[in-house]
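K.L.:
One structure, as structure tokens, below. Some questions next.
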Amino acid sequence: LINSIKTFTWNSGVTNCSSLQFLFVVHVVYVCCLFAVQKYAASRTTIPGWLPAMRKAHNCFLAVLSALMLTGLIVGGIMDSRFESLYAFGCRRPINENQPGFVVWTMYIFYLSKMLEFFDTFFLILAKKKVIMLHKVHHLTT
């Protein structure tokens, strides 16, 4: 695993889950699941008993994952001398743009984690919370 992280590179359409077709299918499935979960939740008078524990586990997992991704980006920023100045932080191009490894892998994990966030919407609907259209669209666009 460590070796594959050290040599990880992003190649659009080649790296797992990176093709436009994959993204299209994932978003179509998300929209279909939204309708199915809304229909299921509307047919129930109570929330499922497993939902509170599942929501907590999901939120804890995403919190830990987010902390790890932030740590990865900070370490990468230090390795790339991003914290030397405001210019280096926001304006300077990476020292080695095509450098494989930990930072690119961390950004890939962030990209994949956006799909895990779809479950936030499903959990809110199942908990009979009001979910505004902006929330649903937000997960489609970020």
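K.L.:
For the range 60-80, enumerate the residues that are under 19 Å from G90 (Cβ atoms) and either of a type in the set (V, I, T) or touching a His at 6+ places or on another chain (Cβ under 7 Å) (or both).
P.N.:
Those that are under 19 Å from G90 (Cβ atoms) and either of a type in the set (V, I, T) or touching a His at 6+ places or on another chain (Cβ under 7 Å) (or both): I74, V75, I78.
K.L.:
Could you tell me whether the range 62-72 includes any residue that is at pLDDT 95 or above, in contact with a helix residue (DSSP H, G or I) (Cβ under 9 Å, 6 or more places away or on another chain), under 20 Å from K130 (Cα atoms) and assigned to a helix (DSSP H, G or I)?
P.N.:
no
K.L.:
In this structure, does L68 turn out to be open to solvent by 60 Å² or more (accessible area, probe 1.4 Å) and either under 15 Å from the mean Cα position of the chain (by Cα) or in contact (Cβ under 8 Å) with a residue 40 or more places away in the chain (or both)?
P.N.:
yes
K.L.:
For the subset of the range 100-135 comprising residues that are under 17 Å from A42 (Cα atoms) and of a type in the set (K, R), which member is most open to solvent (accessible area, probe 1.4 Å)?
P.N.:
That would be K130.
K.L.:
Among the residues of the range 6-28, count how many are in contact with a Pro (Cβ under 9 Å, 6 or more places away or on another chain), assigned to a helix (DSSP H, G or I) and closer than 15 Å to L112 by Cβ.
P.N.:
Counting residues in the range 6-28 that are in contact with a Pro (Cβ under 9 Å, 6 or more places away or on another chain), assigned to a helix (DSSP H, G or I) and closer than 15 Å to L112 by Cβ gives 0.
K.L.:
Also, quick follow-up: Suppose we filter S4, S18 for residues that are open to solvent by less than 50 Å² (accessible area, probe 1.4 Å), more than 21 Å from K136 (Cβ to Cβ), out of contact with any strand residue (DSSP E or B) (no Cβ under 9 Å at 6 or more places or on another chain) and not acidic (D, E); which single one remains?
P.N.:
Values: S4 fails: open to solvent by less than 50 Å² (accessible area, probe 1.4 Å).
Just one listed residue meets the conditions, S18.
K.L.:
Out of everything in the range 77-111 that is over 24 Å from I2 (Cβ atoms) and outside any helix (DSSP H, G or I), what residue ends up being modelled with the lowest pLDDT?
P.N.:
The qualifying residue modelled with the lowest pLDDT is R93.
K.L.:
For a quick check of your reading of the model, give me the residue pairs whose first member lies in the range 113-142 and is closer than 22 Å to M69 by Cα, whose second is at pLDDT 90 or above and of a type in the set (D, E, K, R), with beta-carbon atoms closer than 8 Å and at least 6 apart or on different chains.
P.N.:
H139/K114; H139/E117; H139/D120; T142/K114
K.L.:
Which one of A57, A41 is of a type in the set (G, A, S), assigned to a helix (DSSP H, G or I) and touching a residue at least 60 places away in the same chain (Cβ under 8 Å)?
P.N.:
A41
K.L.:
So, one more: Quick check on my filter: what residues within the range 1-38 are more than 22 Å from Y108 (Cα to Cα), among the hydrophobic types (A, V, I, L, M, F, W, C) and in contact (Cβ under 8 Å) with a residue 12 or more places away in the chain?
P.N.:
Our first condition is that a residue be more than 22 Å from Y108 (Cα to Cα); within the range 1-38, this holds for 31-38.
Checking which are among the hydrophobic types (A, V, I, L, M, F, W, C) leaves us with 31-37.
Of everything in the range 1-38, those that are more than 22 Å from Y108 (Cα to Cα), among the hydrophobic types (A, V, I, L, M, F, W, C) and in contact (Cβ under 8 Å) with a residue 12 or more places away in the chain turn out to be V31, C33, L34, V37.
The values are calculated or read from the model by the stated rules, or taken from the named source; none is laboratory data. Everything numeric here is computed off the predicted structure, so don't read it as measured data. Cβ coordinates were reconstructed from backbone atoms using ideal geometry, including for glycine residues, and neighbour counts include every protein chain displayed. Ligands, DNA and RNA are stripped out before the accessible areas are found, and what is left, the full protein with its side chains, is counted by its heavy atoms. Shrake-Rupley method; radii C 1.70, N 1.55, O 1.52, S 1.80 Å.
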